[in-house]
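The values are calculated or read from the model by the stated rules, or taken from the named source; none is laboratory data. Just so it is clear, the model here is predicted, and its values are computed rather than measured. Ideal geometry is used to build each Cβ from the backbone, glycine not excepted, and the neighbour counts take in all protein chains shown.
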């Protein structure tokens, strides 16, 4: 019996006075760290996916903006449907565009108020996994006959108006 008491005393004194950790303490600490680490790794993966998706949407929006500016810069955007592909927009991702130019005729306004106003709708598509994603832009373009811009200046007395034509302007 004295051996048992001495062994217990030896274990008890070694546990209280030694600076190290037991194997059980290390395993419990490791389990706690792993339980916390798994959701953090999952959050990191999700954030990387969201950043990638955001970059694709931003890139498609920039490409759509540039293409819309190109269409609007034409003197008289042609009616109809047109489509194409952006070359080398982003490595590994193909961006496609489709534009539709129609006559703008809202029902609440007269036909004279909307003469030569064109509605431009532009879609930019790209492959996102197993489905397509898209960004859409729309605008109205007013085209004056002969491709000139008319600026109407109003005088203080409202009795006369002066029109100025700017030659060579596309809008």
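The table for this structure:
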quantity	calculated
Residue tally, condition over 30 Å from residue 141 (Cα atoms) and either without any contact (Cβ under 8 Å) to a residue 40 or more places away in the chain or in contact with a strand residue (DSSP E or B) (Cβ under 7 Å, 6 or more places away or on another chain) (or both), over the stretch 34-89	19
Some residue of the stretch 115-123 being exposed (fewer than 15 other Cβ atoms within 10 Å of the Cβ) and at pLDDT below 85	yes
Some residue of the stretch 83-98 being farther than 27 Å from residue 132 by Cβ, at pLDDT below 80 and either out of contact with any helix residue (DSSP H, G or I) (no Cβ under 7 Å at 6 or more places or on another chain) or part of a helix (DSSP H, G or I) (or both)	no
